[in-house]
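Nothing in this text is a laboratory measurement; each read-out follows from the coordinates by a stated rule. This one's a predicted model, so the numbers in the text were calculated from it and none came from an experiment. As a convention, Cβ positions derive from the backbone with ideal geometry for all residues, glycine included, and neighbour counts pool all protein chains shown.
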Amino acid sequence: MMDDSGHRENGRHKPEMYKPPQSQWLMQQPSMKHIMSIMAERDAAIQERNMAISEKNKALEERDLAIMQRETAIQERNEAIMERDNALAALQFRQNSMNGNNSCPPGCQISRGIKHMHHPQQHAQHPSHVGEAS
């Protein structure tokens, strides 16, 4: 009986183990110069890969920074829009409350009839004309 290594149970080798070396063993081994050039090529390829990875990471960092700046700008824009809308609403409320109770703010010298001419964009009817419009 034989095992996979070619030995018989009695310790003898198979006869083919004594054949002359095959052609793969007769090939000339690469020279040290050739091995060194292959290693240099490998090292250059590794260095090139590392530089590409480094450039990619730098580009990703720049992209992330640009995204953060964009998000900050959008947030600032939204806050400015809210401030504008709040200011317009406060102004409109103030104008409506001034027109609604027919009174001038403290220190106002304008007569009631003239006051409505300052706000032509408002189409609210004067309380004395409400009965006529119905």
Arranged by the count of other C-beta atoms within 10 angstrom, fewest first, what order do MET36, MET27 take?
MET27, MET36
Any idea which of SER31, ALA52, MET68 is furthest toward the positive side of the dipole for region 31-83, if Lys and Arg beta-carbons carry +1 and Asp and Glu beta-carbons -1?
SER31
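Can you give the local net charge around ARG84? Use residues other than it whose beta-carbon is closer than 14 angstrom to its beta-carbon, Lys and Arg +1, Asp and Glu -1.
Working: positive: ARG77; negative: GLU76, GLU79, GLU83, ASP85.
In short, -3.
Test of understanding: what is the full-extension gain from ARG49 to ARG70, defined as 0.36 nm times their sequence separation minus their Cα-Cα distance? Present the calculation step by step, with values, prior to reporting the outcome.
Details: separation 21, 0.36 × 21 = 7.56 nm, distance 3.13 nm.
Value of the extension gain: 4.4 nm.
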Can you tell me what percent of all Cα-Cα pairs in region 31-83 are more than 16 Å apart?
66 percent
